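Shown next, in structure tokens, is the structure this report addresses.
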Amino acid sequence: MLKNIDTIINKFTNSNRDNLIPILQEIQNTYGYLSEDSIVSVSKHFDLPTSKIYGIATFYDQFIFQPKGKYHILLCNGTSCHVSGSKKILKEIEKILKIKDGETTSDGIFSIQSVNCMGACSLSPVISVNGKFYSKVNLIEIKKIIKFYQTKEK
Amino acid sequence: MIIDIEVNNKTIKAKRGETILSALNSNGIKVPTLCHIDGFVPTGACRICVVEVEGKPNLIPSCSYPVEEWMKIKTHSQRVIKARKTIVELLLANHPNDCLYCERNGNCELQKLAEELNIRERKYSNEREKLKIDPSCSSIIKESDKCILCGRCIRVCEEIQGITTYDFAKINNRHIISTSFNKPLNISNCILCGQCIMVCPTGALHERNNIDKIQQALNVINKHVVVFYSPTISVSLAEEFNMKPGKNISGIINAALRKIGFNKVFDSTFATDVYIIEQTKELIYRIENNINLPLFTSNCPAWIKYAEEYFPEILTNISKCKSPQQIMGSIVKEIYSEENNIPVNDIITVSIEPCTAKKFESQREEMTNNGISDVDIAITTRELAQLIRLHGIDLQNIEEEIADFPYHTRSSAGKLTSISGGTAEAILRTLNYKITGKELEDLKISELRNNKSVKEIKIKIGKTNVGIAVISSMSKAGDFIKTLPKRKDLHLIEIMACPCGCVNGGGQPIKADTKDIKSRIKSIYDIDRKELIKVAHKNPQVIELYSKHLDNLSEEEKQKVLFTNYSKRDVLL
Ligand code: SF4
Ligand code: SF4
Ligand code: FES
Ligand code: FES
């Protein structure tokens, strides 16, 4: 795995910092997340401490730092969804799954990631699970949705 | 070039190119700052330092804006005060309301600003989930809720130490300062030097406070609680009690510690003398056999942790000597306890240090014997001040006393180790004596006495032209170590993590400025000038310790008391 990360990094021959985000994007696209090993390789390439690379990456919603769960929940936190209560939904998911935004359950089944506007503002608040959209989600609905996937796993 | 500017309707002088803030400060005009650190490139992030400049529509951050000829500035107009007030009110909106229980109560820059700006109510309230405290580390505690994101810690850690333990990050939609992958501090690359604590304006970063542990220890019947303090403490405590900064008050400290109730009070400078003698022997051995040169000093635990993380390949070059703190602890537990028939389990050792990394060092597994630590509790200068206040002791009105027999004598060479360059100076004195049988003609080695972060000298001792390098701060040390493969002329390298050495340690009083640190340094050099015993090998009680005990120990026992080993540490760099 490490070897392939180096292949990605080496495609960007100079260590110009403008390349940082494109490299991270490509790593995330290839592996689904940014692992510690990959950040270490990137940090060596740019001669920057890992805390800096990690810090910068956390400001981009697209990056996650744990492998995605079997069911990856995207939760819209764009303006419209925010106004219609996406934060409460997030809290609820976090409570049910006992993980925080950006994390994956220890059994690897669920992960949550909040993202910017998903382009369905009129249906806000919106979430998606592995690409399947759920609109106008409320606190009762979200319990049902998660329950549905949980029973599927039993 | 000097130019005129107008401030609050008065003409003042300023240097072309300097910032407005610096011109104001040198003219005695105070403007509050938060993200600014003296000597660092400004970031202009917090904007608390804003002033009104005639002709400019917006308020100008004085810390990052250069003066211009005939600029007209207002530092405390209604508009400026209002802007500053709003900034602080917004910071407070996100800040917990627990000043009363905070480590920095009475000594917090945010608290002071709120008071100065006459903020008497919580104007905005931002209900946020509480962030967890990071309690993982034996030296430093991080309370993210109290962080105002000024970034001072990040910059000191990055620019002085070259470590960059923290950076800004967005986790769970909250901006915080985070270690790499938001790991707990105890498994991060932090070397625990405490320099970030020294610049943090709030209680977001502070040492692990061990006062309660000491109180408990003093309360247990039948425990023999032994305290000892590092060479630097006697010149850095005074200012906490409104005495002249740098004043040497070892006699008063001895008396105060007895009043607090410690059973024995020793001077760790005694152990420093032992450390100097042992390290000199090691150096002679390595020079004679031409192995593992250059020898690196081992009295700074932050430097040791740095080497374990960043340069594991040079660990064999680091001296095998335990640090003076640990030597003092093991002398008490191994020798003193036997001599006085006190079971080692009944002894509790407390060490007072100018340093936060010493707490971590005292907890290291390498620093234990059959599960018993050399040093049970380590506290900083700041905690000592607190302990003295807790016990209501009036330092201004107590008589000086001497430390307890038999570990009360010290050389001024031992004292010198508080300053960057001092350990090298102390070792050279003993080295010359051991090799030539004579004392150095001039004991004072002036080339090692300046505040540069890298110093080098060569001194001819016997047949060897001894090459010495002295470095303080880890960023400089890292750069230097990288050049070592090309250097064959060096024998001894002294490294300390804190700029200028322990006198500026991360456990020292928070309020200290450069002037105070200079006073501490001067005070130590004064002691060295006036002291009769200026070399470690002439410390009478140390000589006795060798003849009565150390010289009779088996190699294995000696290993236990005096020496140790370090190994590679895997952390995210
Ligand atoms: S203790 Fe030292 S190494 Fe650790 S974060 Fe603070 S400044 Fe950096
Ligand atoms: S921890 Fe302290 S120094 Fe660091 S950013 Fe927060 S408030 Fe500033
Ligand atoms: S804000 Fe959520 S879909 Fe646009
Ligand atoms: S002190 Fe000037 S912007 Fe922070």
Practice item. State yes or no: is residue B:93 over 23 Å from residue B:154 (Cβ atoms) and of a type in the set (Gly, Ala, Ser)? Key: no
Revision key, fill the gap. The condition of being open to solvent by 70 Å² or more (accessible area, probe 1.4 Å) and more than 28 Å from residue B:282 (Cβ to Cβ) holds, among B:548, B:560, B:515, B:538, only for B:515
Exercise for review: Those residues that are open to solvent by 10 Å² or more (accessible area, probe 1.4 Å) and either within 14 Å of residue B:162 (Cβ to Cβ) or not assigned by TED's automatic domain parsing to the domain that holds residue B:288 (or both), I need them from segment B:447-472; list them, please.
Suggested key: B:453, B:454
Revision key, fill the gap. Being under 15 Å from the mean Cα position of the chain (by Cα) and more than 14 Å from chain B (Cβ to nearest Cβ) narrows A:29, A:19 down to just A:29
Review point. Across segment B:360-397, what is the number of residues that are open to solvent by less than 10 Å² (accessible area, probe 1.4 Å) and more than 21 Å from residue B:270 (Cβ to Cβ)?
Key: 5
Exercise for review: Examine segment B:508-519 for a residue that is among the polar types (S, T, N, Q), under 18 Å from residue B:311 (Cα atoms) and assigned to a helix (DSSP H, G or I), and state whether such a residue exists.
Suggested key: no
Study note, to complete from the structure: Sole miss for residue B:490 among (1) open to solvent by 40 Å² or more (accessible area, probe 1.4 Å); (2) part of a loop (DSSP other than H, G, I, E, B) is condition (1)
Review point. Of all residues in segment B:173-189, how many are within 8 Å of ligand 1 (Cβ to nearest atom), under 28 Å from residue B:97 (Cα atoms) and in contact with a helix residue (DSSP H, G or I) (Cβ under 6 Å, 6 or more places away or on another chain)?
Key: 0
Review point. Does segment A:8-28 contain at least one residue that is open to solvent by 50 Å² or more (accessible area, probe 1.4 Å) and at pLDDT 90 or above?
Key: yes
Exercise for review: Taking residue B:44 as the residue in question, decide whether it is under 38 Å from the mean Cα position of the chain (by Cα), away from ligand 4 (no atom under 16 Å from the Cβ), within 21 Å of residue B:84 (Cβ to Cβ) and in a loop (DSSP other than H, G, I, E, B).
Suggested key: no
Exercise for review: Any residue in segment B:433-445 that's crowded, with 16+ Cβ neighbours inside 10 Å: show its pairings with residues that are assigned to a loop (DSSP other than H, G, I, E, B) at Cβ separation under 6 Å, as long as the two are six or more apart or on different chains.
Suggested key: B:433/B:439; B:435/B:462; B:443/B:534
Check your understanding: Looking at B:265, B:235, B:274, which one is assigned to a strand (DSSP E or B) and modelled with pLDDT of 95 or more?
Key -> B:265
**Study point:** Selected residue [more than 14 Å from ligand 1 (Cβ to nearest atom) and buried (at least 21 other Cβ atoms within 10 Å of the Cβ)] from B:170, B:142, B:146, B:132
**Key:** B:146
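To keep it simple, each residue is scored yes or no on (1) basic (Lys, Arg); (2) in contact with a Pro (Cβ under 7 Å, 6 or more places away or on another chain); (3) closer than 20 Å to residue B:330 by Cβ.
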{"position": "B:216", "(1), (2), (3)": "no, no, no"}
{"position": "B:223", "(1), (2), (3)": "yes, no, yes"}
{"position": "B:226", "(1), (2), (3)": "no, no, yes"}
{"position": "B:234", "(1), (2), (3)": "no, no, no"}
{"position": "B:240", "(1), (2), (3)": "no, yes, no"}
{"position": "B:243", "(1), (2), (3)": "no, no, no"}
{"position": "B:251", "(1), (2), (3)": "no, no, no"}
{"position": "B:259", "(1), (2), (3)": "yes, no, no"}
Study note, to complete from the structure: If we take segment B:166-218, then strands (runs of 3 or more DSSP E) inside it with 2 or more residues that are of a type outside the set (A, V, I, L, M, F, W, C) and away from chain A (no Cβ under 12 Å) are B:205-207
Study note, to complete from the structure: For segment B:5-38, the count of residues that are in a loop (DSSP other than H, G, I, E, B), free of Cβ contacts under 8 Å to residues at least 40 places away in the same chain and away from ligand 2 (no atom under 16 Å from the Cβ) equals 4
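Residue-by-condition table, conditions (1) at positive phi; (2) within 16 Å of the chain's Cα centre (by Cα); (3) of a type in the set (Val, Ile, Thr):
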position	(1), (2), (3)
A:62	no, yes, no
A:74	no, yes, no
A:98	yes, no, no
A:103	no, yes, no
A:122	no, no, no
A:140	no, no, yes
A:146	no, no, yes
**Study point:** Members of segment A:121-135 found to be touching a residue at least 40 places away in the same chain (Cβ under 8 Å) and more than 9 Å from ligand 3 (Cβ to nearest atom), listed by number
**Key:** A:127, A:128, A:129, A:130
**Study point:** Any hit, segment B:48-66, residues being within 16 Å of ligand 4 (Cβ to nearest atom), buried (at least 17 other Cβ atoms within 10 Å of the Cβ), in a helix (DSSP H, G or I) and away from every other protein chain (no Cβ under 14 Å)
**Key:** no
Exercise for review: Would you point out which residue out of B:100, B:113 is away from ligand 3 (no atom under 16 Å from the Cβ), without any contact (Cβ under 8 Å) to a residue 40 or more places away in the chain and outside any loop (DSSP other than H, G, I, E, B)?
Suggested key: B:100
Point to revise | Subset tally (residues that are buried (at least 19 other Cβ atoms within 10 Å of the Cβ) and away from ligand 3 (no atom under 16 Å from the Cβ)) for segment A:93-120 | key: 6
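The values are calculated or read from the model by the stated rules, or taken from the named source; none is laboratory data. It should be emphasised that the depicted structure is a prediction, and the values quoted were computed from it without experimental measurement. Heads up, the Cβs are rebuilt from the backbone with ideal geometry, glycines too, and the neighbour counts pull from every protein chain shown. Note: areas computed on protein heavy atoms with side chains; ligands, DNA, RNA excluded. Shrake-Rupley method; radii C 1.70, N 1.55, O 1.52, S 1.80 Å.
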